[in-house]
Amino acid sequence: MPIKNLQKNSKKILVAGAAGFVGSHLCDFLIARGDYVIGIDNLSTGSKKNIAHLLRHPRFKFAKDDVARREGFKTLPYRGNIDEIYHLASPASPAYYQQNPINTWKANTIGTLNLLQLEKKYRAKFLFASTSEVYGDPLQHPQTESYFGNVNPVGIRSCYDESKRAGESLCMDYYRQFNSQIKIVRIFNTYGPRMDKNDGRVVSNFITQALANEPITIYGTGRQTRSFQYVDDLIGGLIKMMASPKSFVGPVNIGNPGEFTVLELAKKIIKFTGSKSSIIYKPLPQDDPNQRKPDIALAKQVLNWQSKINLEVGLKSTIEYFKRNA
Ligand code: NAD
Ligand code: UDP
């Protein structure tokens, strides 16, 4: 398929998971920068609504496809060279990735292999969206990239944690065996506009509940911690990682080191929404990590990146989005 309206220095970039929460923001950034973007997504947890504004853009092409299909990407809406591949195609919320754990495995293993084959064919740069979940329920705090993690290999979260670990491992083998240009990013909890309100993650659940003045559901005591990163900070980190020298493979943590208990998060959301919601307590799911906070020294040093948007600013912007899209 010929490329139309391609600016002189624009790159051809494949985004797998383009219709998801993070993927759609990444596509927006790349299109605004002047790149040509090929988005693929099986729309299992994402939605065409997230990219509706891009579908008629001359530098954006979209195909509904599954990265784990054995046949590869027969419907890829493009036949030229590809410069960069972002592999974001995987369910991310515990509720969704546990709904069909085998598909979660496939997206991060067979899907990663299929995309790595494309990377090899085009000699493209390849960024794998890994996760802080590779640290499991961490015994080291905060988590540095050198920490090997504490993952239950047979628990209900392992379809995600272990398949992401397997994905990282495949990337490293392509790097060692084929000299592939690999970039591994370990993303910590990210929130912002276009999160699916039904995906069960804590920020979307609490905002939805608060806006409806319904009880806020805290799992466990609410003393477990997370570090919440606004999506714009993450996109900046992904872009900087992709642009980093070939010698920098990662893995690198991209997250906001501000650490909050789930109870603190609930109270902030009640305050910022002016909600009348009460707080109720529900059982803690199996293997729910007790604490999580990124050490981002490596990202600061090599990528000159750090998160800039604090929780208050990010939550207020996300609340506005949920109000508009209620
Ligand atoms: P999301 O569910 O909103 O987006 C994932 C997208 O991938 C969806 O559009 C979904 O339909 C698509 N997808 C899933 N399986 C697919 C498959 N087999 N083939 C093609 N498309 C498929 O989730 P998100 O929050 O945008 O996460 C994006 C990526 O970032 C994921 O790889 C996730 O593991 C990673 N990540 C996200 C977070 C976070 O807090 N948001 C944290 C750590 C890692
Ligand atoms: N959580 C909660 N109530 C909810 C949803 C989640 O208390 O309605 C808790 C969950 O048990 C976990 C934390 O919030 O301790 C973050 O959950 P999320 O699913 O957003 O991300 P993850 O567990 O993958 O970090």
Debye-sum result for the chain in log10 I(q)/I(0), which assumes one identical scatterer on each alpha carbon, at q = 0.06, 0.07, 0.11, 0.14 Å⁻¹: -0.19, -0.26, -0.67, -1.11
Share, in percent, of DSSP beta bridges within the chain that are antiparallel, nearest 5: 5
Nearest-ten-degree value, helix 231-242 long axis tilted from longest Cα axis of the chain: 30
Candidate aspartates and glutamates - alpha carbon under 19 Å from K12, same-chain residues fewer than 8 apart omitted: D28, D35, D41, D65, D83, E84, E119
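Using helices alone, I'd like the mean residue ellipticity at 222 nm for the chain: each DSSP H run of four-plus residues gives -39500 (n - 2.57), total over residue count, nearest 500.
Estimated from H runs of four or more residues: -10500 deg cm²/dmol.
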Amide H within-cut-off set for Q143, under 5 Å, with H built and near neighbours excluded: K293, D295
Amide proton proximity set for V252, modelled H, under 5 Å, gap of 5+: I184, V185, R186
Nonlocal amide H pairs with I216, under 5 Å, H built at 1.01 Å: S278, I279, I280
Choice from G23, G274, G237 with maximal GNM fluctuation in the chain (Cα, 10 Å cutoff): G274
Folded to 0 to 90 degrees: helix 202-211 orientation relative to the chain principal axis, Cα: 60
Helix axis angle, 158-178 relative to the chain longest principal axis, alpha carbon, degrees: 30
Once the Cα gyration tensor of region 273-317 is diagonalised, semi-axes √(5λ) in Å: 31, 21, 5
Rounded percent of accessible protein surface that carbon and sulfur make up, region 241-302, 1.4 Å probe: 54
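Enter the accessible area per residue of region 157-211 (Å², integer; probe 1.4 Å; all protein chains in place).
Roughly 33 Å² per residue, with all protein chains present.
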Mean separation of Cα contacts under 8 Å (6+ apart) over length of region 88-216, as relative contact order %: 30
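The values are calculated or read from the model by the stated rules, or taken from the named source; none is laboratory data. In this text the structure is predicted, and so the values were computed from the model without any measurement. Note: accessible area is taken over every heavy atom of the protein model, side chains too, but ligands, DNA and RNA are not part of it. Shrake-Rupley method; radii C 1.70, N 1.55, O 1.52, S 1.80 Å.
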